[in-house]
1. Starting from segment 242-275, pick out the trypsin sites (Lys or Arg not before Pro) whose DSSP state is loop and whose Cβ has at most 16 other Cβ atoms within 10 Å.
2. Evaluate the Kirkwood expression for the hydrodynamic radius of segment 9-59, namely the inverse of the mean inverse distance over all pairs of different C-alpha atoms, and round to one decimal in Å.
3. Within the chain, which DSSP H helices have Cα atoms that stretch 20 Å or more along the helix axis and a mean Kyte-Doolittle hydropathy of at least -0.5?
4. Filter the GluC sites (Glu not before Pro) in segment 233-282 to those in DSSP coil with at most 12 other Cβ atoms within 10 Å of their Cβ, and list the result.
5. What residue among 201, 265, 108 shows peak mean-square fluctuation when the chain is described by a Gaussian network model with Cα springs under 10 Å?
6. Put +1 on the Cβ of each Lys and Arg and -1 on the Cβ of each Asp and Glu in segment 114-196; which of 173, 139, 121 then has its Cα farthest toward the positive end of the dipole?
7. Here is the link list: 27/186; 27/306; 28/54; 28/186. Which ones come out longer than 19 Å on Cα distance?
8. What FRET efficiency do you get for residue 310 and residue 140 if R0 is 41 Å and r is their Cβ-Cβ distance, rounded to the nearest 0.05?
Amino acid sequence: MSDIAFQQTADIIARIVENVERVIVGKKKVIQRTVVSLMSGGHVLFDDVAGVGKTMLARALAVSIGGQFRRVQFTPDLLPSDVTGISVYNQQTCEFSFRPGPVFANMLLADEINRSSPRTQSALLEAMGERQVTVDGETYELGRPYMVLATQNPIEIEGIYPLPESQLDRFTMRLSIGYPSRDDEKAVVERQLLRHPIEALKPVTTPEQVVEMEETVARCHVADGIYDYALQIVIATRESEHVEVGASPRGTIALVRCAQALSVLEGRDFCTPDDVKRLAVSCLAHRIILKAEARLQGLTGIDLVKTAVDAATVAV
């Protein structure tokens, strides 16, 4: 990796984060991790209450990269074809033509994804995993970059469908924005009295550049000891007595790729164990299914990942 390509990538990533911060106040860590997921070719699930800025973060990120943004409001009556698109019969040509759905965008916001049925949720599986969709036997490639940002309501709210394991496993990270601090919330109110900051936001890069940056990030050096460290954490989640299903190999890949992106964001062309440690919970906790007795004890996937991180050692 050339020093020029690496430095340019680090600078542009920093500008993207700074640009999104113009809209989302006081949540730099969440913004950074969302951008890290983008640079690793991943997707993000936001698990939060309403009104904390999930939609605005997605829009601000789409504007910042100059990409096409589409939003789908998931509801109980939403159909898979409302997401992927549909084949329409043309009476003049006597042929079917494909009408693309909102999934054909650089950035798709799947809002309140757990309000739709599992059948509709599954419409995103192929798109998220393989960057393509299949409709009526025909396969259509999605553009690059491609990222799904989904929001999820708390499970205590009525009228929801919990996401299945296969869906959760396709999200690179699971994040929570949370409420702003008192001072940050005051700043948010003051900024929006005349107009929303999103209206003045300008792109700082292009989709083509983002694709190039993803390729540069993928060349960030990962030593054997880093692979071993990540695998220790992942395997520990599978071997725990409290776990029904541990983190998958896809989770290991996501953890290492995100560690590469975080390294570049911080100006390095090599990964450190600390990169893996800091991202482990965000990348792995949502992939773990606990046994019933563990849930009754109040344990969570986050607890299991933290325990695995504490027990992991780095080979010198």
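1. Details: sites: 250, 257, 268; in loops: 268.
Taking segment 242-275 and a limit of 16 other Cβ atoms within 10 Å, the loop trypsin sites (Lys or Arg not before Pro) found are 268.
2. Values: mean 1/r = 0.0875 Å⁻¹.
Taking every pair of different Cα atoms in segment 9-59, averaging 1/r and inverting gives 11.4 Å.
3. Working: long enough: 3-21 (27 Å, 0.26); 224-239 (22 Å, 0.18); 249-265 (24 Å, 0.95).
Membrane-span-like by this criterion, though nothing is claimed about a membrane: 3-21, 224-239, 249-265.
4. Values: sites: 239, 241, 244, 266; in loops: 241, 266.
Counting only loop positions with at most 12 other Cβ atoms within 10 Å, the GluC sites (Glu not before Pro) in segment 233-282 are 241.
5. Fluctuation is largest for 201.
6. Selected residue: 173.
7. Numbers: 27/186 14 Å; 27/306 22 Å; 28/54 13 Å; 28/186 17 Å.
Violating the 19 Å Cα-Cα cut-off are 27/306.
8. E(calc), rounded to 0.05, equals 0.35.
Values in this text are rule-based calculations from the coordinates and carry no lab data. From a predicted model like this one, the values you see are computed outputs, not experimental measurements. Cβ: placed from backbone, ideal geometry, glycine included. Neighbour counts: every protein chain shown.
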